[in-house]
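One structure is given below, encoded as C-alpha cells.
The values are calculated or read from the model by the stated rules, or taken from the named source; none is laboratory data. Keep in mind that what you see is a predicted model, and the values were worked out from it rather than measured. All Cβ positions, even for glycine, are placed from backbone atoms using ideal geometry, and neighbour counts span all protein chains on display.
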Amino acid sequence: MKRILTFSTYLVRNGGKSLPLIGVIVLAVLLIVGIVALMNSIPYSIRTIYKHSKNYTGLVPRSNASVDHNIRKEIRDGSPVPIEPILVIRGSQAQVKSIVGGWPFVVLAMRQDDMRRYAKRLNITKIEGRYPKAGEAEALISEPVARNLKLKLGDPLLKPDNADAYSMFPVKIVGIAQTDYWTMMMPYEYHEKYHFPPYDSALVFAKNPADQDKLDRWIHEKYRGANLRVFAYFLLEEETNGMFRILYQILNVVIFTLVAVITLMMAMLINIYQSQRIQEFGLLQALGYTRRDLIRRVLGESIAVVLVGWILGVAAAQGMLQLVKSRLMDPNAFALDVWDRSALLYTIPVPVMIFLAAVGAIWSRFRTFDPVSVVERRLA
Amino acid sequence: MIELRQASLVYKDQGKDLYACRHINLTVRPGEFLGILGPSGSGKSSLLYMMSGLKSPTSGEVLYKDQRISEMSEPERARLRLVDFGIVFQYPYLIGYLSALENVLVGSPGVGTREKAQELLLDLGIGHKSHRLPHELSGGERQRVCVARALLGGRSVIFADEPTASLDHTNGLAVVDLLVRHRGEGALVIVTHDPSMLAHANRVIHITDGEVVKEEVDPSFAPTGPIRETIGP
Ligand SMILES: Nc1ncnc2c1ncn2[C@@H]1O[C@H](COP(=O)(O)OP(=O)(O)OP(=O)(O)O)[C@@H](O)[C@H]1O
Ligand SMILES: [Mg+2]
C-alpha cells in the first residue's frame with residue numbers, strides 16, 4: 001500500500017464516516033469515565049473526610065464506662081508496638097456535607113497540650129488565628145471543613161439552634177488549620193462543662209505511624225465484644241467497601257451493558273461501511289493487492305479510529321472532570337479524583353471490544369471473498 | 001509468454017459440472033494483439049480470469065514465462081497482476097475517494113511515477129481532469145482512467161474484458177484504439193462479443209460453450225520480437 005493508500009487515506013478522505021465512529025467512542029469513554037469517577041468520588045470522599053483516623057485508634061465508651069486509666073494501662077502494657085502517651089478526649093457531634101447529603105463528623109474536645117500534640121501528629125504547622133482557649137466556647141477547624149461548611153473565623157461551628165451541631169452556646173471558630181485533613185477541635189474543659197455524655201474517650205497513637213494499622217487491629221481484637229467501640233481506619237475501609245459492594249456490582253452491569261450496546265452499534269456501523277467498500281476491496285485484490293495487504297490496511301484503520309477515539313475520549317473526560325472539580329467540587333471541598341485510574345480502566349473495554357468487532361467483521365468479510373465476483377458485478 | 005495447456009474451468013451447477021472453459025490450448029505471444037470473440041456465456045471472461053491468475057484452472061495448466069501460475073502462492077499471483085499484467089475490467093471501477101491520477105497510481109504502487117501517470121492521462125485526453133474524483137468524470141472518462149491504470153508501469157500483457165460494454169460504439173472503439181496505441185511493447189488480449197472491436201487484432205480466437213472453435217490469424221503479423229502498432233497514426 002505504498003504511498004497512495006496509507007491506512008489514513010480512507011479515514012481522512014471519508015471524514016463523514018470516520019468522525020462519527022470516533023465520536024461514538026469519545027462519547028462512550030466520556031460517559032463511562034463520568035459515571036465511574038462520580039461514583040468513585042463517594043467512597044473517595046469518605047476516605048478523604050475521615051483520613052485523620054489513619055493516625056490513631058479511637059476508643060469510645062459504649063455505656064456509662066469511661067475509657068478509664070485501667071483500660072489505658074492495659075493498652076500501654078499490652079501494645080505490640082511502641083505507643084505515644086494516650087490522649088484522653090471527649091467528642092461532640094457535628095456534620096459535614098457531601099454530594100449525597102450530610103455526614104456525621106466528630107468535634108474532638110481536647111486539653112490544651114493535647115490539641116498541639118494532635119495537630120503535630122497531623123502535620124499541621126500553620127494556623128490562621130489561634131488554638132481555642134481552655135474552657136472557652138471556641139473551636140479550631142481545618143481548611144477543608146471551612147470550605148465545606150462555608151465557615152470563616154468568628155463564625156459559630158456549634159450553636160444552640162442547630163440540631164446537627166449543637167452546643168448550649170455558640171462555639172466560635174478562632175483558628176483554621178492549613179492541612180488536607182478534615183478536623184474539628186474544641187477545649188476539653190468547655191465540653192466537660194456543657195456537653196453530653198460526660199465520659200472520656202481515648203486516642204491511641206503508635207510511635208511510628210507505620211505501626212498504626214497493627215495497633216488498630218490489636219486493639220480491635222482485644223476489645224471485641226467489650227463495652228467499648230473501636231474506631232480505626234481499616235474498619236472504615238471495610239465498612240466503606242461493604243457499603244459500596246452492591247453499588248459497584250450494579251455499576252459493573254451498567255458499564256457492561258453500555259459497552260455491549262456500543263460495541264454492537266459500532267459493529268453494525270463498521271459492517272455497513274465495509275460493505276460499502278466491497279468494490280474497493282475487490283478491485284484492489286483484482287489489481288494485485290493481496291488479501292494480507294487489505295486486511296493489514298483495514299486493521300490499521302480500525303486501530304487508528306479506536307486509538308484516536310479513546311485518546312480523545314480520555315482527554316475530553318479529563319477536561320470534563322477538571323471542570324466539574326474546579327466548578328462544583330472544590331468550592332465545597334468535595335473529593336473528586338480527576339486522574340481516577342479505575343475510571344480509565346473501566347473504559348478499556350470500549351476500544352478493545354470495538355477493535356475485536358472490527359476484526360470479526362474483517363475476518364468474516366475476507367474469509368470467503370472472491371474479487372472476481374466484484375469485478376463481475378455480482379457483488380456491488 | 002502465457003500458455004494454456006488443456007486448461008479447464010469448471011463451476012458447480014446444482015451438483016453438476018459446468019465447463020466454463022473446456023480443455024483450452026492457447027498461447028499469448030509477446031507483443032501481439034489477441035482478440036477473444038464469443039457470444040454471451042461462452043466462457044470468455046472465465047478464460048481471461050485463468051490467464052490473468054484471478055482464477056485457477058480446475059484442470060490443465062496455465063503458464064506465464066514457463067512458470068505454472070496455479071503453483072504460485074497468492075502473493076506471487078497477486079504480484080503478477082500488480083507488475084506484469086494490466087487489466088481493464090468491463091465496468092470502470094475506480095476508488096471513489098481517490099483522484100483520477102491517484103486511481104491510476106494505485107494500480108502499480110512503487111513502480112509508476114506521478115509524472116508518468118500524468119503523461120498517460122494527458123495522452124488519453126483527460127490530463128486536465130486528473131485531479132477530479134471519479135464521480136466528477138463521465139463514463140468514458142472513467143474508462144480511460146482505467147485504461148491508464150492498466151497501462152502504467154509498462155506491463156507485458158494487458159487484458160481487457162469487454163472494456164467497451166459500458167460505452168457507446170464510438171467511445172468503445174476509441175478505448176480499444178487507446179489500448180492499442182499506448183500498450184508499448186506489451187501484448188494485448190481483448191475479450192468481446194463485438195467483432196468490430198477486433199478489426200486490428202493480429203489474431204482472433206472464437207469460443208463457444210467454453211471451447212475454441214476457430215482461430216483467425218493476420219498473416220502480416222510476425223510474432224517474434226516487439227511490434228509497433230498496426231493501426232493508428
Ligand atoms: N461463479 C459462477 N458460478 C457458476 N457458474 C458460473 C459462474 N461464473 C460463470 N458461470 C457460468 O460459466 C459460463 C461462462 O461464463 P463467463 O462469465 O465466462 O461468460 P462470458 O463469455 O464472459 O459471458 P458474457 O459475455 O455475458 O460476459 C456461463 O454459463 C456462466 O453461467
Ligand atoms: Mg464476461
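Which ones in the range A:63-99 are touching a Lys or Arg at 6+ places or on another chain (Cβ under 8 Å), β-branched (Val, Ile, Thr) and surrounded by fewer than 17 Cβ atoms within 10 Å (Cβ to Cβ)? Once the filter is applied, which keeps residues that are touching a Lys or Arg at 6+ places or on another chain (Cβ under 8 Å), β-branched (Val, Ile, Thr) and surrounded by fewer than 17 Cβ atoms within 10 Å (Cβ to Cβ), the range A:63-99 yields only A:81.
Listed conditions (1) modelled with pLDDT of 90 or more; (2) touching a helix residue (DSSP H, G or I) at 6+ places or on another chain (Cβ under 9 Å) are all met by residue A:224, apart from (2). Can you tell me which residue in the range A:235-252 is farthest from residue A:103 (Cα to Cα), limited to those that are loosely packed, with under 15 Cβ neighbours inside 10 Å and hydrophobic (A, V, I, L, M, F, W, C)? Here the answer is A:250. I need the full set of residues from the range B:82-115 which are more than 8 Å from every other protein chain (Cβ to nearest Cβ) and assigned to a helix (DSSP H, G or I), in order please. The answer is B:84, B:100, B:101, B:103, B:104, B:114, B:115. Count of the range B:38-63 residues, restricted to those that are more than 10 Å from ligand 1 (Cβ to nearest atom) and within 15 Å of the chain's Cα centre (by Cα), is 4. Evaluated against (1) within 14 Å of chain B (Cβ to nearest Cβ); (2) touching a strand residue (DSSP E or B) at 6+ places or on another chain (Cβ under 7 Å), residue A:334 falls short on exactly one condition, (1).
Among residues of the range A:356-379 being loosely packed, with under 13 Cβ neighbours inside 10 Å and away from ligand 1 (no atom under 15 Å from the Cβ), the one that is farthest from the other protein chains (Cβ to nearest Cβ) is A:364. Between A:30, A:21, A:11, the distinction of being part of a helix (DSSP H, G or I), surrounded by 19 or more Cβ atoms within 10 Å (Cβ to Cβ) and within 14 Å of chain B (Cβ to nearest Cβ) belongs to A:11 only. Scan the range B:152-159 and tell me whether some residue there is assigned to a helix (DSSP H, G or I), within 13 Å of chain A (Cβ to nearest Cβ) and at pLDDT 90 or above. No, every residue in the range B:152-159 fails to be assigned to a helix (DSSP H, G or I), within 13 Å of chain A (Cβ to nearest Cβ) and at pLDDT 90 or above. Of the residues screened, residue A:365 is one that is among the basic types (Lys, Arg), in contact (Cβ under 8 Å) with a residue 40 or more places away in the chain and part of a helix (DSSP H, G or I). Selection within the range B:116-130: residues that are touching a residue at least 40 places away in the same chain (Cβ under 8 Å) and part of a helix (DSSP H, G or I). The member of this set that is nearest to ligand 1 (Cβ to nearest atom) is B:120. Determine if the range B:99-108 includes at least one residue that is more than 16 Å from ligand 2 (Cβ to nearest atom) and over 28 Å from residue B:197 (Cα atoms). Within the range B:99-108, one or more residues are more than 16 Å from ligand 2 (Cβ to nearest atom) and over 28 Å from residue B:197 (Cα atoms). Considering only residues in the range A:337-355 that are free of Cβ contacts under 8 Å to residues at least 60 places away in the same chain and either within 12 Å of chain B (Cβ to nearest Cβ) or assigned to a helix (DSSP H, G or I) (or both), the one that is nearest to ligand 1 (Cβ to nearest atom) turns out to be A:355.
Taking every residue in the range B:26-54 that is without any contact (Cβ under 8 Å) to a residue 40 or more places away in the chain and over 20 Å from residue B:78 (Cβ atoms) and pairing it with any residue that is more than 6 Å from ligand 1 (Cβ to nearest atom) and not in a loop (DSSP other than H, G, I, E, B), at least 6 positions away or on another chain, the pairs with Cβ-Cβ distances below 9 Å are B:27/B:2; B:27/B:3; B:27/B:4. Give me a count of the residues in the range A:158-179 that are surrounded by 14 or more Cβ atoms within 10 Å (Cβ to Cβ) and assigned to a loop (DSSP other than H, G, I, E, B). Selection size over the range A:158-179: 7. No other residue among A:305, A:372, A:324 is part of a helix (DSSP H, G or I), within 16 Å of ligand 2 (Cβ to nearest atom), of a type outside the set (Phe, Trp, Tyr) and not assigned by TED's automatic domain parsing to the domain that holds residue A:148 apart from A:372. Of everything listed in (1) within 16 Å of ligand 1 (Cβ to nearest atom); (2) buried (at least 17 other Cβ atoms within 10 Å of the Cβ); (3) closer than 20 Å to residue B:165 by Cβ, the single unmet condition for residue B:24 is (3). Just so you know, in the range A:264-301 the residues that are surrounded by fewer than 20 Cβ atoms within 10 Å (Cβ to Cβ) and among the hydroxyl-bearing types (Ser, Thr, Tyr) include one that is nearest to residue A:6 (Cα to Cα), and it is A:290.
Does any residue of the range B:166-186 turn out to be within 14 Å of another protein chain (Cβ to nearest Cβ) and either more than 16 Å from ligand 2 (Cβ to nearest atom) or surrounded by 20 or more Cβ atoms within 10 Å (Cβ to Cβ) (or both)? Scanning the range B:166-186, I find no residue that is within 14 Å of another protein chain (Cβ to nearest Cβ) and either more than 16 Å from ligand 2 (Cβ to nearest atom) or surrounded by 20 or more Cβ atoms within 10 Å (Cβ to Cβ) (or both), so the answer is no.
Before we move on, is residue A:289 away from chain B (no Cβ under 14 Å) and not hydrophobic (A, V, I, L, M, F, W, C)? No, not satisfied.
Here residue B:19 does not qualify as of a type in the set (Ser, Thr, Tyr), touching a residue at least 60 places away in the same chain (Cβ under 8 Å), more than 16 Å from ligand 1 (Cβ to nearest atom) and more than 10 Å from chain A (Cβ to nearest Cβ).
Filtering the range A:202-219 to residues that are surrounded by fewer than 16 Cβ atoms within 10 Å (Cβ to Cβ) and within 27 Å of the chain's Cα centre (by Cα) leaves A:209, A:210, A:214. Within the option set A:163, A:119, A:109, being at pLDDT 95 or above, among the aliphatic types (A, V, I, L, M) and farther than 28 Å from residue A:330 by Cβ holds for one residue only, A:109. Here residue A:310 passes the criteria (1) closer than 28 Å to residue A:28 by Cα; (2) over 32 Å from the mean Cα position of the chain (by Cα) except the one numbered (2). None of A:50, A:56 is aromatic (Phe, Trp, Tyr), in contact (Cβ under 8 Å) with a residue 40 or more places away in the chain and farther than 24 Å from residue A:189 by Cβ except A:50.
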